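Engineer: Before I ask anything, here is the structure I am working with.
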């Protein structure tokens, strides 16, 4: 069975950021030469998500505001995980909303 | 590798609706003649979801009420996306809760 | 195509519980002898979830508190599903947040 696997590493300048990797994934699907298959794109960090939606500044801001409302960063003492000395407990919650992975069907170009 | 792929199109009469496609998916899995495989069912629109649960009027109403509570449609001016002239920003948020796709293992009938 | 499929059954002592099945899944992936493939782990009950994150008591407590906040168990009369005589309507909502399944890429050990 044909397959291709690739890791990407990203550094973000902001604490929480949205990175469009559509082109990278499209290129890999082409490179794989898989005519009919599936493409799994998943985050390898437990505070990161992969999701599919339009790239539009307003929409991304809406997601960001909403995530902060559903799982606020502050007060950090609100979360047990932060007793470990970290302050990212909200990120594990936000990640559940946005999802760890997407699976898409691919077809020959 | 055996595969079968099918698109379905749906029109809903209500702004937000719940459509049971279990029978259609079951039939396709049978038609595929895949004995042991996976079945991906995903929405092709970014305001739509696919999820698995019982078909029960009360439960669907509970989902619907809950989604409206977590990501209210109004006031539409609350969302940046709606500045584009659309009024469906809440739908992108609700979709994240319900999920874009499901993957199930299939086996010979 | 090589495949391996296994069902696990769990009984929990508490109404809502978190069970780490990482070792079981790892062992199955090894037993499968699939060198490059995908592993689907999904719940077969509609009030259960499968998710990936660290096993840390504080983090699990954070998830649990948060789920109860987003989809409270009480008052049970708040949910239409509970009119059927059940009292688990909140579980269907919580399950959507945590997700039904995960798909991971596997590789030879």
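Residues are listed down the side, and each one gets a yes or a no for (1) without any contact (Cβ under 8 Å) to a residue 12 or more places away in the chain; (2) within 7 Å of another protein chain (Cβ to nearest Cβ); (3) surrounded by fewer than 15 Cβ atoms within 10 Å (Cβ to Cβ); (4) at positive phi:
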position: A:5; (1), (2), (3), (4): yes, yes, yes, no
position: A:25; (1), (2), (3), (4): no, no, no, no
position: A:43; (1), (2), (3), (4): no, no, no, no
position: A:54; (1), (2), (3), (4): yes, yes, yes, no
position: A:80; (1), (2), (3), (4): yes, yes, no, no
position: A:84; (1), (2), (3), (4): yes, yes, yes, no
position: A:92; (1), (2), (3), (4): no, yes, no, no
position: A:95; (1), (2), (3), (4): no, no, no, no
position: A:102; (1), (2), (3), (4): no, yes, no, no
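Engineer: Next up: Which of (1) within 14 Å of chain C (Cβ to nearest Cβ); (2) within 30 Å of residue C:77 (Cβ to Cβ) is the odd one out, the single condition residue B:107 does not satisfy?
Structural biologist: Only one criterion is unmet by residue B:107, namely (2).
Engineer: Another one. Any chance you could count how many residues in segment B:61-78 are surrounded by fewer than 18 Cβ atoms within 10 Å (Cβ to Cβ), closer than 21 Å to residue C:69 by Cα and within 10 Å of another protein chain (Cβ to nearest Cβ)?
Structural biologist: Residues that pass the stated criteria total 4.
Engineer: Same structure, new question: So residue A:49 fits all but one of (1) within 13 Å of chain C (Cβ to nearest Cβ); (2) outside any helix (DSSP H, G or I); (3) surrounded by fewer than 16 Cβ atoms within 10 Å (Cβ to Cβ); what number is the exception?
Structural biologist: For residue A:49, the failing item is (3).
Engineer: Assigned to a loop (DSSP other than H, G, I, E, B), touching a strand residue (DSSP E or B) at 6+ places or on another chain (Cβ under 7 Å) and over 30 Å from residue C:87 (Cβ atoms) - does that describe any residue in segment B:85-93? Walk me through it before giving the result.
Structural biologist: Step one: of segment B:85-93, the residues assigned to a loop (DSSP other than H, G, I, E, B) are B:85-88.
Filter once more, so that each one left must be touching a strand residue (DSSP E or B) at 6+ places or on another chain (Cβ under 7 Å): none.
No; the residues of segment B:85-93 include none that is assigned to a loop (DSSP other than H, G, I, E, B), touching a strand residue (DSSP E or B) at 6+ places or on another chain (Cβ under 7 Å) and over 30 Å from residue C:87 (Cβ atoms).
Engineer: Here's another thing I want to ask about it. So which of B:76, B:60 ends up being closer than 17 Å to residue B:16 by Cα and modelled with pLDDT of 95 or more?
Structural biologist: On the way: B:76 fails: modelled with pLDDT of 95 or more.
After applying the criteria, what remains is B:60.
Engineer: For segment C:56-84, how many residues meet the condition of being touching a helix residue (DSSP H, G or I) at 6+ places or on another chain (Cβ under 8 Å) and part of a loop (DSSP other than H, G, I, E, B)?
Structural biologist: 6
The values are calculated or read from the model by the stated rules, or taken from the named source; none is laboratory data. On a predicted model such as this, the values are computed, not experimentally measured, just so you know. With ideal geometry, Cβ positions are generated from the backbone for all residues, glycine too; neighbour counts draw on all protein chains shown.
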